[in-house]
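First comes the structure, then the notes that go with it.
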Amino acid sequence: LQAYERRFPTCPLIPMFVASDTVNEYKSEDEAIHVIERRCKLDIDAPRLLKKIAGVDYVYFVQKNSLNRRERTLHIEAYNETFSNRVIINEHCSYTVHPDNEDWTCFEQSASLDIKSFFGFESTVEKIAMKQYTSNIKKGKEIIEYYLKQLEEEGITFVPRWTPPVACKSESSTSHPRRPVSPAINIPESATKEGLNNKEILNSSSSPSEPITGTPDDKLDADYIKRYLGDLTPMQESCLIRLRQWLQETHKGKIPKDEHILRFLRARDFNIDKAREILCQSLTWRKQHQVDYILDTWNPPQVLQDYYAGGWHHHDKDGRPLYVLRLGQMDTKGLVRALGEEALLRYVLSINEEGLRRCEENTKVFGRPISSWTCLVDLEGLNMRHLWRPGVKALLRIIEVVEANYPETLGRLLILRAPRVFPVLWTLVSPFIDDNTRKKFLIYAGNDYQGPGGLLDYIDKEIIPDFLGGECMCEVPEGGLVPKSLYRTAEELENEDIKLWTETIYQSASVFKGAPHEVLIQIVDASSVITWDFDVCKGDIVFNIFHSKRAPQPPKKDSLGAHSITSPGGNNVQLIDKVWQLGRDYSMVESPLICKEGESVQGSHVTRWPGFYILQWKFHSMPACATTNLPRVDDVLASLQVSSHKCKVMYYTEVIGSEDFRGSMTSLESSHSGFSQLSAATTSSSQSHSSSMISR
């Protein structure tokens, strides 16, 4: 307070603060309350034209300081006097003593700005106000430290606290003052046996409503912090105590441990309001989905146990639990098609819950706080199949859920043997990863992880998995392709009343002889990327891509018409008018691709021109024998298998903007030169091209 008062009547460290005058002042008789109101003159750094239009050179604010020495609080309120009918500015600051440590000072500040009208310069005034306010906040600490140093130079290093004046009666002026008598206290025997001194008992009796446990749950002592939480500044410790107390007072349900609360505070740079918001959302989410009981009540399906190539494997050099994920060996599409996104998400949640449990165990084993784990991801075998868009979307949602509910749990992510296709996957997922988390990623291409700065810097040689050239047998499943016999069909999903994520992104279409199914995609920016993924569920089809400068007529809504057919097995839409001629009205931009029944096709096409692109699935007619007009036996048998000359496809398409696609190729260019070669090859291409992969 002594340092703060030196800012008045003017402060050389705040050039805009020209002068101030005291307009009102009040002091209580015992001097415990001191309220002073000042009118402050400010020279706002605003454009000269704006000042001329407004007709003022200076702006006046009213500031009211309310000091309560008894409660040890200082409240500061400020509002604008100039242009108060056009602009409303309110600011409130408070200095209080921390409830758990009287040597700590808590500081809170808030402000509001409401611009009703200002000669048509509302946005300019808003920018000026925000600039000035931000500048003042940044200089606030610097200014208070300046005046504190000034006091020290003057020899003032301690200011005694306020004490109430002693009122002495005249008739007892010669007698000795009486000491206040404390009420009698019953001291339990258990307290004396445990060595509890009188001072502790008196303190505890003064607030009987508070629990007297002395455990880490209600008190943060130095040993507990060092043992379970790690290094904390006084401000960080204060934030943890305040947030935990708020939860105890308001939250109905299980209160998370200090370690977990601390994760949310760290994720929001110890901003209590932001940390409280995401923590409350997470606690509600955990309750709704019974996440606290997932390890005890949920057993992962056998498909996950057999084909999910991930598992826990010892610990790293820092004592963090180590999780190994052989992503390159995992059939992400097969897992999504066999289980759906929800089962995958639940499994990942169980992995995170197990990670929290292992962190607690390692904290006890190593005798120091361990609140995060290390993840080792082996990308050997990663290819275009892993870029299956629905699988990537499932991954993005999983990342989003984990980021929101398990912040600051990833201590380090080691990505090994990253292939050239990795930058594409990285660009798809990196925007959903928090910046602080992204800084923990270490990426190694090829066998770089075996050299200096590689795996041995983080993991002991004795526990490096055998598939990475180590001597330790790793029990993580090897993954492999999920048999298509385990895939869920639409009928099975309907019967079991299970809604898988694939239902919301895949569309079903029927293809008839003479009635192909067509999808229209409008491209505004050249070099955009059209991606597709489809399964041929029944029959054989021919896949084509066409381009037209003009939009085709929308399909007729009459289900019996020639342009649109609705069937129980899926829709059939025809966009290319029968009067259109190939080469005149539209052109083929890629060679036809024949796809057999049971095949899965993924691919992409980089567009060369803007306009309208048509993806077409067309019935594939069996060729007749060249030497005779009679059909072959195989053709007849095949045609009998396709009832009514009907095919069925399940498809999914998406368009990626050219800027996003190019950004994906350059996002890791600085990390490894191998990626920059792919980047140069991709971003410099101005011609259209497509790539498709068929899996049988």
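Quick notes on this structure:
- Taking all protein chains together, W104, W532 sort by accessible area into W104, W532, largest first [probe 1.4 Å].
- When the inverse distances between all different Cα atoms of the stretch 1-154 are averaged and flipped, the Kirkwood radius reads 17.1 angstrom.
- Principal semi-axes of the equivalent ellipsoid, √(5λ) from the alpha carbon gyration tensor of the stretch 222-289, are 21, 13, 11 Å from largest down.
- Largest to smallest accessible area among D103, D577, D318 [probe 1.4 Å]: D103, D318, D577
- Take each peptide in 518-524, 470-476, 332-338, count the other Cβ atoms within 10 Å of every residue, and average; sorted highest first, the result is 332-338, 518-524, 470-476.
- Local electrostatic count, I541, Cβ distance below 13 Å [Lys/Arg +1, Asp/Glu -1]: +1
- Across the stretch 1-154, C-alpha contacts under 8 Å between residues 6 or more apart give a mean separation that, scaled by the residue count, equals a relative contact order of 16 percent.
- Surface/4 estimate of mean projected area, convex hull on alpha-carbon atoms of the stretch 426-476, nm²: 4.8
- The amide H of I370, built 1.01 Å from its N in the peptide plane, has T363 as neighbours under 5 Å, considering only residues 5 or more places off or on other chains.
- For the stretch 389-394, Karplus couplings with θ = phi - 60° (6.51, -1.76, 1.60), whole Hz, Gly/Pro x: 4, x, x, 5, 5, 4
- Extension gain from E599 to C280, taking 0.36 nm per residue of separation minus the Cα-Cα distance: 110.2 nm
- The stretch 285-302 - phi-based ³J(HN,Hα) in whole Hz, Karplus 6.51/-1.76/1.60, Gly and Pro as x: 4, 4, 5, 4, 9, 6, 5, 4, 10, 5, 5, 8, 10, 10, 10, x, x, 4
- Note: the stretch 293-485, Cα convex hull, 122 Å³ per residue.
- Over 24 Å apart at the Cα level, from the set K141/K439; K41/K127; K254/K439, are K141/K439; K254/K439.
- A 1.4 Å probe run over the stretch 222-289, with the rest of the protein chains in place, finds 57 Å² accessible per residue.
- Per residue value of the accessible surface for the stretch 293-485 (all protein chains in place, 1.4 Å probe), Å²: 43
- Efficiency of FRET from Cβ geometry, C106 and L13, R₀ 22 Å, rounded to 0.05: 0.40
- Couplings for the stretch 366-380, taken from phi via the Karplus curve 6.51 cos²θ - 1.76 cosθ + 1.60 with θ = phi - 60°, read 8, x, 8, x, 10, 10, 9, 10, 9, 10, 10, 10, 9, 9, 4 Hz in order; Gly and Pro are left as x.
- Efficiency of FRET from Cβ geometry, T73 and H314, R₀ 60 Å, rounded to 0.05: 0.70
The values are calculated or read from the model by the stated rules, or taken from the named source; none is laboratory data. In this text the structure is predicted, and so the values were computed from the model without any measurement. Here Cβ is always computed from backbone atoms with ideal geometry, including for glycine, and neighbour counts include all displayed protein chains. Heads up: the accessible areas ignore ligands, DNA and RNA and are worked out on the full protein's heavy atoms, side chains in. Shrake-Rupley method; radii C 1.70, N 1.55, O 1.52, S 1.80 Å.
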